[in-house]
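Participant: Dumping the structure here so I can ask a few things about it.
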Amino acid sequence: MLPKTRLSSEFKLVLASLFIAFIIWLIAKQGDVDQETLVVEVTTINEPRYCDVELVTDEAGIVVQFPKAQKYMIAPGNFKILVDLSNIAVGIDSYKETTIPITVSDVERFNLPDSIKAADVVDPKRVVVRAKYYSELATVAPVTSGAPADGFRLAKPVAATPKEVLVTGEPDRLEEIKQIGNGRIEVPTEAIVLDGKNDNFLAQVKLLLPQGIRLIDELNSRLQVNVVIEEEKGQREFANIPIDIKTFSENLLARYEPKTTTVTVEAPLSLLDRINGQSFVFNPKQPLEESAGYSANVAIEARFSDAVSPDVKENATIVATSPDVISIQFVEKEKQSLSPP
């Protein structure tokens, strides 16, 4: 009969041998590789902000290689294809499509050892994505501060180029801003300083976008604004201006009443002082029959004489002549001496 200590020692040797044999078997099984084709989910990463994205291809097949001993870990839920949308085309009025190739580098594994890996992508090898911005047309609202120099004013409302821009944002935020603006979106500019200005000028201004809103075309973040400044205008009446109606016939004389009129002129204030009673000439508004005895009530109009400077003619306006109708009669000159005018 063997001693007890010897039996115990031999038993330990047997266990060690069995353990070593198991390890050798396990290593051998790990080297026995199998493969399987799975249909797995396609999902997206890095989607552009404020876009409606439609993934037309939402599944794809992959070939998975694995040790046969790990087959129990092979399930579609443990894999996913991640498609990077950083560089896709995005439509404004309609969806734009982008086709993106997929490779094994796009396959993400979840809770799997390194021995299990994607070997290939099959049917399809590309995914199709459609994308469109959530967009609204916004009106640019130029903002001014201060006032032009004394005697000058804005000739017309300040206008930006372009007058409208396309903006994007989350749909709820776009709708919120539209409700604040009674159905439309207004985007103000930074202030355009008018202090001391006495001439037209162009300004480059930045748009001040509401929070949560951005431009689709960010190159338009600075706009050109055209500011038109003019001298303030006034009106002045020039009274008792002699009416001088010329005749073409040397033998006729025009007799008319009244002989004077009042002319009202509107012009920049600095030009009004350069206008006087000699600045006007008068013409009938209708053809006259130059014959002895002809008489009629005739409308007349005033205009600036040739002696008036071009800048006055260009910037001043004759707004009224009163009275603007005269009674006229043509008489022969020799008969004129027989009776008082």
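Participant: So which of 330, 304 is hydrophobic (A, V, I, L, M, F, W, C) and modelled with pLDDT of 95 or more? Talk me through it step by step, then tell me what you get.
Facilitator: Working: 330 fails: modelled with pLDDT of 95 or more.
Within the list 330, 304, the selection yields 304.
Participant: Still on this structure: Of the conditions (1) surrounded by 15 or more Cβ atoms within 10 Å (Cβ to Cβ); (2) part of a strand (DSSP E or B), residue 240 fails just one. Which one is it?
Facilitator: Residue 240 satisfies every listed condition except (1).
Participant: How many residues does region 282-296 contain that are open to solvent by 60 Å² or more (accessible area, probe 1.4 Å) and in a strand (DSSP E or B)?
Facilitator: The qualifying residues number 1.
Participant: Under the condition of being in a helix (DSSP H, G or I) and among the small types (Gly, Ala, Ser), which residue from region 41-93 is most open to solvent (accessible area, probe 1.4 Å)?
Facilitator: Looking at the filtered set, the residue picked out is 77.
Participant: Can you find a residue in region 297-305 that is open to solvent by less than 30 Å² (accessible area, probe 1.4 Å), within 30 Å of residue 149 (Cβ to Cβ) and without any contact (Cβ under 8 Å) to a residue 40 or more places away in the chain?
Facilitator: So far as region 297-305 goes, yes, one or more of its residues are open to solvent by less than 30 Å² (accessible area, probe 1.4 Å), within 30 Å of residue 149 (Cβ to Cβ) and without any contact (Cβ under 8 Å) to a residue 40 or more places away in the chain.
Participant: Something else now. Could you say whether any residue in region 244-264 is among the small types (Gly, Ala, Ser), surrounded by 13 or more Cβ atoms within 10 Å (Cβ to Cβ) and modelled with pLDDT of 90 or more?
Facilitator: First pass over region 244-264, keeping only residues among the small types (Gly, Ala, Ser): 249, 254.
Now drop any that are not surrounded by 13 or more Cβ atoms within 10 Å (Cβ to Cβ), which leaves 249, 254.
With modelled with pLDDT of 90 or more added as a condition, the list becomes none.
Checked region 244-264: no residue is among the small types (Gly, Ala, Ser), surrounded by 13 or more Cβ atoms within 10 Å (Cβ to Cβ) and modelled with pLDDT of 90 or more.
Participant: Still on this structure, I have one more. Take region 115-168 and flag every residue that is polar (S, T, N, Q) and assigned to a strand (DSSP E or B).
Facilitator: 135, 139, 144, 145, 161, 168
Participant: Determine, yes or no, whether residue 279 is touching a strand residue (DSSP E or B) at 6+ places or on another chain (Cβ under 8 Å), hydroxyl-bearing (Ser, Thr, Tyr), open to solvent by 20 Å² or more (accessible area, probe 1.4 Å) and more than 14 Å from residue 327 (Cα to Cα). Steps first, please.
Facilitator: Values: touching a strand residue (DSSP E or B) at 6+ places or on another chain (Cβ under 8 Å): yes; hydroxyl-bearing (Ser, Thr, Tyr): yes; open to solvent by 20 Å² or more (accessible area, probe 1.4 Å): no; more than 14 Å from residue 327 (Cα to Cα): yes.
Taking the combined requirement at face value, the residue does not satisfy it.
Participant: Just checking, which of 140, 122 is in contact (Cβ under 8 Å) with a residue 60 or more places away in the chain, among the β-branched types (Val, Ile, Thr) and more than 23 Å from residue 218 (Cβ to Cβ)?
Facilitator: One residue alone meets the criteria, 122.
Participant: So if I check each of 257, 290, 237, 266, which one is in contact (Cβ under 8 Å) with a residue 40 or more places away in the chain and farther than 17 Å from residue 329 by Cβ?
Facilitator: Every option except 266 fails the conditions.
Participant: Determine whether region 93-104 contains at least one residue that is within 30 Å of residue 190 (Cβ to Cβ) and not hydroxyl-bearing (Ser, Thr, Tyr). Spell out how you get there, then give the answer.
Facilitator: Kept after step one, since they are within 30 Å of residue 190 (Cβ to Cβ), are these residues of region 93-104: 93.
With not hydroxyl-bearing (Ser, Thr, Tyr) added as a condition, the list becomes 93.
Within region 93-104, one or more residues are within 30 Å of residue 190 (Cβ to Cβ) and not hydroxyl-bearing (Ser, Thr, Tyr).
Participant: Looking only at residues in region 31-40 that are open to solvent by less than 70 Å² (accessible area, probe 1.4 Å) and either touching a helix residue (DSSP H, G or I) at 6+ places or on another chain (Cβ under 7 Å) or over 19 Å from residue 111 (Cα atoms) (or both), which one is modelled with the lowest pLDDT?
Facilitator: 31
Participant: Also, quick follow-up: So which residues in region 128-177 are open to solvent by 40 Å² or more (accessible area, probe 1.4 Å), within 30 Å of residue 47 (Cβ to Cβ) and over 16 Å from the mean Cα position of the chain (by Cα)?
Facilitator: Passing the criteria: 130, 132, 170, 171, 172, 173, 175, 176.
The values are calculated or read from the model by the stated rules, or taken from the named source; none is laboratory data. Remember, predicted model here, so these are calculated numbers, not experimental data. Note that we place each Cβ from the backbone using ideal geometry, even for glycine, and neighbour counts take in every protein chain shown. Only protein heavy atoms, including side chains, enter the accessible area calculation; ligands, DNA and RNA are left aside. Shrake-Rupley method; radii C 1.70, N 1.55, O 1.52, S 1.80 Å.
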